[in-house]
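The values are calculated or read from the model by the stated rules, or taken from the named source; none is laboratory data. Keep in mind that this is a model prediction, so the values were computed, not measured. Positions of Cβ are generated from backbone atoms using ideal geometry, with glycine treated the same way; all protein chains shown enter the neighbour counts. Ligands, DNA and RNA are excluded from the accessible area calculation, which covers all protein heavy atoms including side chains. Shrake-Rupley method; radii C 1.70, N 1.55, O 1.52, S 1.80 Å.
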Number of protein chains: 2
Amino acid sequence: MRVEIWSDIACPWCYVGKARFEKALSAFPHRDQVEVVHRSFELDPHRAKDDIQPVLTMLTRKYGMSEAQARAGEDNLGQQAAAEGLDYRTTGRDHGSTFDMHRLLHLAKEHGRQDELLQILYRANFAEERSVYAEGEERLVELAVEAGLDAEDARRVLADPAAYADAVRADEREAAALGANGVPFFVLDRTYGVSGAQPAEVFTQALTQAWGARPALELIEDGGADACGPDGCAVPPRR
Amino acid sequence: MRVEIWSDIACPWCYVGKARFEKALSAFPHRDQVEVVHRSFELDPHRAKDDIQPVLTMLTRKYGMSEAQARAGEDNLGQQAAAEGLDYRTTGRDHGSTFDMHRLLHLAKEHGRQDELLQILYRANFAEERSVYAEGEERLVELAVEAGLDAEDARRVLADPAAYADAVRADEREAAALGANGVPFFVLDRTYGVSGAQPAEVFTQALTQAWGARPALELIEDGGADACGPDGCAVPPRR
């Protein structure tokens, strides 16, 4: 079974939702047969790379919140994160473009380090005093290396804005096609969707339901095939 | 869309079938959205690691063929391979356990090099004078390095018989659960199956059919979710 998770590094509920999903997954009896794939989703796709703001400034300007509302929202997120055992800085974080991070996550996917890199990006952004925006490429290279990637590979990708750009855009088009207009967005076997950082019990229910509904296979072609099996490699008369 | 291919390095029809499938895939309009995953299947799972035989000896002893039948089968396979532009040695190949190679393919999957390694193993086994059995671990390390893996990683996996052993067995259990009793076996989105090295047109039909049948998503949970979207991160009243 495969679970695809659309998320953004700038999305606090994605950080919290990942922990809630993983809590459900770790107790799921068939967890060894569940593959998790992370997909790109930018909450702020039009933001320029050098347009970096404090989160509170972004919340008041972009979403028209009062400063009190913005602070209350951050405090609530901090409490929700703490309930999942996650550190969360409610003040002092930056906001900016996450496009380069999504490109790096596609590099990481090719090296089997995607989950590690996403978790490290979340931690740096939400829990640690390490801006994923302000230090530019060297901070991202540093985090990529922590995730087990090669520094030169990461630098090469960051230096070429086209690298994995199509992969990021393809993920985002796919999210739109699947009806996701926010993140985190979880898709199980392309059949069931879960929107938002739901409680772990909801993910348990979704995993159980999707597991039970795995489709029976329809054989498109079987007879007369060229195949090898327990009785050897069939050598039928040639077509 | 995802295509899983169960195959064995010792399976000539898997070598031919991979080329036929790739011919169909390369012409498929949505090929950029098709992910290919290789799964393990041993045709000869009980063979000891040091039990290496010439292929013709194996065919006559294991499958009870006459030598003339075995040679005719190999000649036919050579013709089928040539028709796909593949080199195929009809004589002089070895047969043995492929378990270690499947373990290496799981390592390669983690590094995004699975398809490369499988193709290199096929070429060494079927086309080149490089036995994948007789030279033991150093030959497999050499081939792993050609696929872009780290030599030390490959040696570490080969030295530890438990490394990825469960992953190989899990693939094989899954093949049985899906009804595969021979390889190659192709599964599209866990919904459609194609058994055997079918002509490229059959794979084209399967890809087209599976693409058209991609399921609509059923939302298990949506309302009241903690999510971030174009209008910011919702902060609903806490449960």
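Over segment A:1-128, what percent of the accessible surface lies on carbon and sulfur atoms, probe 1.4 Å? Write down the numbers at each step before the final one.
Numbers: 2330 of 5000 Å².
Whole-percent figure for carbon plus sulfur exposure: 47.
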message: Give the average, rounded to an integer, of partner chain Cβ atoms located within 10 angstrom of each Cβ in B:1-14.
response: 2
field: Surface accessible to a 1.4 Å probe, A:GLU22 within the full protein complex, Å²
entry: 70 Å²
field: 10 Å Cβ neighbours from other chains, averaged over peptide B:62-74
entry: 2
- prompt: Assigning unit charges at the beta carbon (Lys, Arg +1; Asp, Glu -1) and nothing else, what dipole magnitude in debye, to the nearest 20, does the protein assembly as shown show about its Cα centre?
  reply: 940 debye
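Could you do me a favour and compute the accessible area per residue for the protein assembly as shown, 1.4 Å probe, result in Å²? Write down the numbers at each step before the final one.
Details: 20310 Å² over 478 residues.
Result: 42 Å² of accessible area for each residue.
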message: Along the charge dipole of the protein assembly as shown, pointing to its positive end and built from +1/-1 on Cβ of Lys, Arg, Asp and Glu, which listed residue (B:PRO215, A:GLY232, A:HIS46) has its Cα farthest out?
response: B:PRO215
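Considering Cα pairs under 8 angstrom that are at least six residues apart, work out the relative contact order of segment B:76-190 and quote it in whole percent. Before the final figure, lay out the partial values.
Values: 94 pairs, mean separation 29.4, N = 115.
Here the relative contact order equals 26 percent.
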message: Could you compute how much accessible area chains A and B hide from each other, both sides summed, with a 1.4 Å probe? Nearest 100 Å² is fine.
response: 5000 Å²
task: Just need the relative contact order of segment A:2-212 here, percent rounded to a whole number, with Cα pairs under 8 Å and 6+ apart.
output: 32 percent
message: Suppose we keep just the DSSP beta bridges with both residues in the protein assembly as shown; what percent of those would be antiparallel, to 5?
response: 60 percent
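Across the residues of A:212-219, average count of Cβ atoms on other protein chains within 10 Å? Spell out each step's value before the answer.
Working: counts 0, 2, 4, 6, 5, 12, 8, 9.
Mean number of neighbouring Cβ atoms from other chains: 6.
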- request: Mind ranking A:6-18, A:117-129 by how tightly packed they are, going by the mean number of other C-beta atoms within 10 angstrom, highest first?
  value: A:6-18, A:117-129
